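Notes to accompany the following structure.
The values are calculated or read from the model by the stated rules, or taken from the named source; none is laboratory data. Bear in mind that the values here come from a model prediction, so they are computed numbers and not experimental data. Cβ placement follows ideal geometry from the backbone for every residue including glycine, while neighbour counts extend to all protein chains displayed. Keep in mind that these areas ignore ligands, DNA and RNA; they rest on the heavy atoms of the full protein, side chains included. Shrake-Rupley method; radii C 1.70, N 1.55, O 1.52, S 1.80 Å.
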Amino acid sequence: MVRAWLLLLVPAVVFAGAHKHVKHKHWTNEFDHHFRKYSKRYFGPQKDWRWFKAQAIAESSLNPKARSKVGAIGLMQIMPSTMAEINRKNPKILLNEDPKWNIAAGIYYDRQLYKKWQQTQVPVAERMDFSFASYNAGHRRTRKAYNKAEAKLGSVSDWDQVAPYTPKATRAYVSRINKLMDTGK
């Protein structure tokens, strides 16, 4: 009987550990200076750099050698085609494999996506969720989801209204980043 209760508790403990806050000692601080530097460079000093560390945790669990089945590389899991696009716009960002440049490229790309959401009625407080969704699913796909929600609801004021129209993996991705940041979403 006791063993049965222990078996029920194991998944709960494993699941609880899966969403350790971004500041938790579980996560390395090895790359924090890069997150700070490039967050400040591309978003300014007002943006909490931990958003991008949380994104890297969601992408690669902070593994600089991570490679996905589809070819995404590094901490920020950047696709080679996305890196080529980034290099055309910002040739100062050098190698995708180097953690420093991978972080720089990821945050730079986040900024480009964030700017696209500035052109909509999405409130400032919600733009990071839309930017992260775009990073994960693609801007076009996320914009289609936004348009569907807007057509159904008349207007869109937050991510939760658009999320049901996005892929399940994208909803989980945005949710994980918010949990890592402990936003209560």
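Sorting 39-48, 52-61 by average packing, meaning the other beta carbons within 10 Å per residue, from highest down gives 52-61, 39-48. The residues of the chain present an accessible area of 57 Å² per residue when probed at 1.4 Å with all protein chains retained.
To the nearest whole percent, what portion of all C-alpha pairs in the chain is separated by more than 27 angstrom? Percentage above 27 Å: 30. Straight-line cross-link reach from K168 at under 18 Å between alpha-carbon atoms covers these lysines, not counting any fewer than eight positions away in the same chain: K144, K148, K179, K185. Over all pairs of different C-alpha atoms in the range 57-158, the reciprocal of the mean inverse distance, the Kirkwood hydrodynamic radius, equals 14.4 Å.
To put it simply, the accessible area of the chain at a 1.4 Å probe is 55 percent carbon and sulfur. Couplings for the range 161-172, taken from phi via the Karplus curve 6.51 cos²θ - 1.76 cosθ + 1.60 with θ = phi - 60°, read 6, 9, 3, x, 9, 9, x, 4, 4, 5, 4, 5 Hz in order; Gly and Pro are left as x.
R67 sits with roughly 150 Å² accessible to a 1.4 Å probe, with DNA, RNA and ligands left out of the calculation.
Report the local net charge at E97: Lys and Arg +1, Asp and Glu -1, summed over other residues whose C-beta lies under 14 Å from its C-beta.
Spelling it out: positives minus negatives among the neighbours equals +2.
Taking 12 Å as the straight-line reach from the Cα of K53, the aspartates and glutamates in range (excluding those fewer than 8 positions away in the same chain) are E30, D32.
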